[in-house]
Amino acid sequence: MAEEIKESLLPESKHFIQAFIEEDIAPGGQYEGKTVHTRFPPEPNGYLHIGHAKAICINFGLAEQYNGLCNLRMDDTNPSKEDVEYVESIQEDIRWLGFDWAERFYFASDYFPKMYELAKELIRKGLAYVCDLTAEETRQMRGTLTEPGVNSPYRKRSVAENLDLFERMKAGEFADGARTLRAKIDMSSGNMNMRDPVIYRILRAHHHRTGNAWCIYPMYDFAHPIEDALECITHSLCSIEFEDHRPLYDWVVDNVTLPSRPRQIEFARLGLNYTVMSKRKLRYLVEENLVDGWDDPRMPTLSGLRRRGYTPLSIRNFISRVGVSKVPNTVDQAFLEFCLREDLNAHARRVMAVTRPLKLTLTNYPEGQSETFMAENNPENPADGQREISFSKHLWIEEEDFMEEPARKYFRLFPGNEVRLKHAYIIKCTGCVKDENGKVIEVLAEYDPQSRGGSAADGRKIKSTIHFVDSATAINAELRLYDRLFTVEDPDAADVSYLETINPHSLEVLNNAKLEASLASAKKGEAFQFLRMGYFTPDLEHSTDDALVFNRAVTLKDSYKPGK
RNA sequence: UGGGAUGUCGCCAAGCGGUAAGGCACGGGACUUUGACUCCCGCAUUCGUAGGUUCAAAUCCUGCCAUCCCAGCCA
């Protein structure tokens, strides 16, 4: 994958995972002479979000960096929460981000038969037993954080009985929840995960791949190390909350016959301020129809970010720059936005647009006349060529580009002031027309015929340049302006119920009337520049023909601050 | 005296015994046919804290403090 953007700015020092990997593949290391093999193992129970991008970039990125491989694996061991819709969206989003798992696409469910056999191996070794305790009893006997647990009365069952019972669990002889298979470890361990964890439960639910073939399903702690080992994963990279599962991970790997011995390494999850990353809460928004869907532009999902105009490169760069550590972190939205602007600035083709149109009439420009100008598509890259812009007496400009009574340090249009229409002419404002309510509905100006192209014949400096669109050729489009969806200080501190109380304006389209917005030379896939302040990037592919979606907060960087 | 982890600028983050990189944000200036971009300049005498070892510590040792994770038949 080519890193188009300033590679030199990317972190040059190695993070701790890289150090571990290099140690492992170095002479004398655990994986000396082996290929680094990682995996990204999402559970298909929701859409991927920006937080997953970190895990994706780390796993695929590290494999790539060390000439290794990275598998994509659906960790589908809990049929009650999973669905094919999610396995498809996950693949789409990872591809969009720019990563390729080639043919290495796996499902944990493919290993169910093998896992079942390995569970029996554990039983035969006297390391697992069938427990008849109810969920409630199990919890009570597990003890607390400060008190040890109590051994299950079923802990001493014979191997033969355990084998028989486990086989009958699989055969469907018992009701859901009636029995579990537990690993026999240590009920007094300080690590709760080691207090005879349940490794198989009885659960009658339709599995999106295996259908009703199974009524017992392995638990994460048992399944995951096996999945990794069967795929010969060398480095199982996961987030920090699994740190105290590592002893159990190792226990499984050590006590069951497996082809390899993966090493689990944990890193801190990505936190973004003002952003809800909890899958449960995102699902709530979708299910309660508070958003259009998982790909609503206000969602922090990859598909939402995509619709909002985020580019894969910007997200990859963001993840790369944020770094990898074990420190709990909350990264500024502004940093993500910066990464987008950086990419857009370098690669986006510019197009002019106005979102709140105000009529501009050039009183000294002949009625019926028109002309065209050539404009560079991207000042950062001449190779992007030029486009033609049309021009006539009647134009649209942005409402905020005119002030009858200019604020201090306002350089744009006001009576008596000169401004440049980008790529076209210098104009001088001569007045405005108001409606019966006193609202400005039209701005009047005279153009300087000597300034074709935008430069004054006498070389005088023009303080400001504004965008415009020719009303004769403008394309009308509905613009949907979204604000950020989550703007509470600490969204995760609040319960999901707070979502109903947030400002309705941030949930609704800010400008719900059909804006008479105009776009010139709009083409699919192009990024748009918005006024002079930044860019907006409607993702036409993902919107209806007449709807352009963008996020003002993300794509605009205000530089004119009234009163400043 | 449960177990595990983490504490370096507002936010990320280098640093691994030799005297605090970088990015974002922010402030100031230059430039500019996007008040964008770009470019300069500024922005931690200090590394949670208290001691100790050392010629020398953010880096080693000890104690303390703070925060996070773990008591799903979720992942």
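Reported count of residues in segment A:386-434, each being in a strand (DSSP E or B) and in contact with a helix residue (DSSP H, G or I) (Cβ under 9 Å, 6 or more places away or on another chain), is 5. Residue pairs whose Cβ atoms lie under 7 Å apart, sitting 6 or more positions apart in sequence or on different chains, and linking a residue in segment A:140-156 that is under 12 Å from A:Arg182 (Cβ atoms) to a partner that is near RNA strand B (Cβ under 8 Å from one of its atoms) and modelled with pLDDT under 95, do not occur here. Residues in segment A:410-460 that are near RNA strand B (Cβ under 10 Å from one of its atoms) and among the aliphatic types (A, V, I, L, M): A:Leu413, A:Val419, A:Leu421, A:Ala424, A:Ile426, A:Ala456. Condition first: within 9 Å of RNA strand B (Cβ to nearest atom) and either over 30 Å from A:Arg95 (Cβ atoms) or polar (S, T, N, Q) (or both). Can you find one or more residues in segment A:314-324 that meet it? There is no residue in segment A:314-324 that is within 9 Å of RNA strand B (Cβ to nearest atom) and either over 30 Å from A:Arg95 (Cβ atoms) or polar (S, T, N, Q) (or both). Surrounded by fewer than 21 Cβ atoms within 10 Å (Cβ to Cβ) and either assigned to a strand (DSSP E or B) or among the acidic types (Asp, Glu) (or both): is that true of A:Asp221 in this structure? Here the answer is yes, as A:Asp221 does meet what is asked. Going by what's in this entry, would A:Ala346 be described as within 9 Å of RNA strand B (Cβ to nearest atom) and surrounded by fewer than 21 Cβ atoms within 10 Å (Cβ to Cβ)? Answer is yes for this residue. Here the condition is being in a loop (DSSP other than H, G, I, E, B), more than 12 Å from RNA strand B (Cβ to nearest atom) and surrounded by fewer than 18 Cβ atoms within 10 Å (Cβ to Cβ); of A:Asn329, A:Asn289, it holds for A:Asn289 alone. Counting only strands (runs of 3 or more DSSP E) that sit completely within segment A:39-151, those holding 2 or more residues that are out of contact with any Leu (no Cβ under 7 Å at 6 or more places or on another chain) and more than 16 Å from RNA strand B (Cβ to nearest atom) correspond to A:69-74. Just one of the listed residues (A:Arg155, A:Arg204, A:Arg168) is modelled with pLDDT of 95 or more, in a loop (DSSP other than H, G, I, E, B) and either crowded, with 17+ Cβ neighbours inside 10 Å or away from RNA strand B (no atom under 13 Å from the Cβ) (or both), namely A:Arg155. The residue pairs whose first member lies in segment A:297-309 and is in contact (Cβ under 8 Å) with a residue 12 or more places away in the chain, whose second member is in a helix (DSSP H, G or I) and of a type in the set (Gly, Ala, Ser), and whose beta carbons are closer than 7 Å, counting only pairs six or more residues apart or on different chains, are A:Pro297/A:Gly304; A:Arg298/A:Gly304; A:Leu302/A:Ala53; A:Ser303/A:Ser89. Within segment A:249-268, the set of residues being under 20 Å from A:Ile21 (Cβ atoms), β-branched (Val, Ile, Thr) and touching a Phe, Trp or Tyr at 6+ places or on another chain (Cβ under 7 Å) comprises just one member, A:Ile265.
Scanning segment A:188-211 for residues that are aliphatic (A, V, I, L, M) and over 18 Å from A:Glu241 (Cα atoms) yields A:Val198, A:Ile199, A:Ile202, A:Leu203, A:Ala205. When the residues of segment A:420-464 are narrowed to those that are surrounded by fewer than 19 Cβ atoms within 10 Å (Cβ to Cβ) and among the polar types (S, T, N, Q), which ends up modelled with the lowest pLDDT? Across segment A:420-464, the extreme among qualifying residues is A:Ser464. Taking the criterion of being within 8 Å of RNA strand B (Cβ to nearest atom), part of a strand (DSSP E or B) and either surrounded by fewer than 17 Cβ atoms within 10 Å (Cβ to Cβ) or among the aliphatic types (A, V, I, L, M) (or both), the only residue of segment A:176-201 that qualifies is A:Val198.
If we scan segment A:113-125, do we find a residue that is of a type outside the set (Gly, Ala, Ser) and under 30 Å from A:Phe318 (Cα atoms)? Among the residues of segment A:113-125, not one is of a type outside the set (Gly, Ala, Ser) and under 30 Å from A:Phe318 (Cα atoms), which makes the answer no.
The values are calculated or read from the model by the stated rules, or taken from the named source; none is laboratory data. Because the structure is a prediction, the values reported are computed rather than measured. With ideal geometry, Cβ positions are generated from the backbone for all residues, glycine too; neighbour counts draw on all protein chains shown.
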